[in-house]
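Worksheet: one structure, shown below.
Since every read-out is calculated from the coordinates, none of them should be taken as a lab result. Quick caveat, the model's predicted, so the values are computed rather than measured. Note: ideal-geometry Cβ built from the backbone for every residue, glycine included; neighbour counts use all protein chains shown.
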Amino acid sequence: MYKALFHIPQVLNKYKCTSSENKFLLLLGYVIEAADIKLVILGWYCRLCVLMMPLKFRLRKTRNYNVLSRNVFVLSVVLIDKTTLECTLSSDSSGLDCLHNVCQRLGLQQPEFFGLRYMSKRPYPKLRWVELERPLKRQLDKYAQSPALTLAVMYYIHDVGLLQDDVTRSQYFLQVKYDVLEGRVRASFDQAVLLASYSLQAEFGDHQRERHTPEYLKDFKVFPAQVIKETEVSTLLEAVVWQYSSLKGLGQALAETYYILEAQRLSGYGQETFMARDEKGSEVYLGASLLGLGVNSASGDSQTFYK
């Protein structure tokens with residue numbers, strides 16, 4: 001035992017043990033080993049702890065789920081109004097379970113018109129729909145860039161009377177509004193002004209001359225980018241203020257309905273576009289909608305429509 005203790009100062013210098021904790025562990029290891037040959041393994045373990053302390057371990061990155069337990073995880077869902085909520089699900093939950101969770105919390109009683117999308121790892125298409133009947137986590141692990149979903153209208157309608165629930169109608173209106181603003185539904189100057197007036201009536205109620213001036217409304221996004229490029233913003237604002245003031249007395253729910261009805265008349269309403277190639281190998285765009293299937297050349301020079 002005493003012979004082993006003579007080696008302690010040399011070992012402390014060899015392993016550069018400066019902290020009191022490290023010195024204590026190393027000393028304890030030698031004392032245990034010297035006291036009883038049967039405790040050699042324990043002594044070596046103490047010394048190993050000292051040697052491992054300076055090392056830094058890097059763990060492999062995993063999916064960015066907020067994991068509550070082995071079978072429960074939390075993911076984010078971006079709503080149509082761009083706000084976010086979190087859903088707590090089990091690893092066996094289907095996409096439909098998640099959709100019903102979101103709709104229940106929104107008070108949305110007609111989930112059959114909606115779906116969930118995610119950003120795909122693949123270059124095209126970047127946005128993919130969740131297969132509602134399949135386990136959600138498996139789909140996201142295999143195909144998604146990140147464990148995040150977006151709520152969106154999946155099935156567009158031509159009969160606005162099918163939207164019997166106020167929350168469903170409002171969410172549907174928001175989706176159609178963003179379709180217009182982001183250019184998926186194409187509008188002329190007059191159509192854009194009319195839609196903008198319905199949007200303002202739905203958001204603010206009746207026009208107030210002192211408040212809803214062109215200067216005030218210029219900070220609200222109510223016009224498609226393409227229309228803004230083609231027309232002076234001041235001209236658009238003056239036109240929409242006049243149109244908006246003419247809607248006095250129109251209820252906000254009815255303004256949403258009129259917006260949807262007007263958008264249904266426009267090109268691109270309810271259309272989902274996919275890239276493809278024709279028989280010559282040229283790139284074309286397929287537009288699937290309620291009216292049928294449209295085939296557009298990549299240059300936009302030709303269009304064929306199939307009902």
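By the beta-carbon count within 10 Å of each Cβ, the least crowded to most crowded order of 258, 198, 216, 124, fewest first, is 124, 216, 258, 198. Normalising the average separation of contacting C-alpha pairs (under 8 angstrom, six or more residues apart) by the number of residues puts the relative contact order of region 119-277 at 30 percent.
The share of Cα pairs per 5 Å bin across region 180-263, counted from zero up to the longest distance, runs 3, 16, 29, 26, 18, 7, 1 percent. In order along region 71-82, phi translates into HN-Hα couplings of 10, 10, 9, 10, 10, 9, 10, 7, 7, 5, 7, 6 Hz, rounded to whole numbers, per the Karplus curve 6.51 cos²θ - 1.76 cosθ + 1.60 with θ = phi - 60° and x for Gly and Pro. Taking one quarter of the surface of the C-alpha convex hull of region 83-200 gives a mean projected area of 8.6 nm².
Using a simple spin-label model with pseudo-atoms 7 Å out from Cα toward Cβ, residue 246 and residue 190 lie 1.0 nm apart. Here each label is just a point 7 Å from Cα along the line to Cβ, and for residue 218 and residue 109 those points are 4.4 nm apart. The calculated FRET efficiency for residue 233 paired with residue 208, based on their beta-carbon distance and R0 = 22 Å, is about 0.55. Counting every other Cβ atom within 10 Å of each residue's Cβ, 248, 229 order from fewest to most as 229, 248.
Distance between the C-alpha centres of region 133-188 and region 209-233: 26 Å, rounded to the whole angstrom.
Among 229/280; 126/221; 126/229; 82/126; 221/248; 218/248, which pairs are too far apart, with a Cα-Cα distance over 23 Å?
Numbers: 229/280 35 Å; 126/221 25 Å; 126/229 27 Å; 82/126 19 Å; 221/248 21 Å; 218/248 20 Å.
The pairs that break the limit, which is 23 Å between Cα atoms, are 229/280; 126/221; 126/229.
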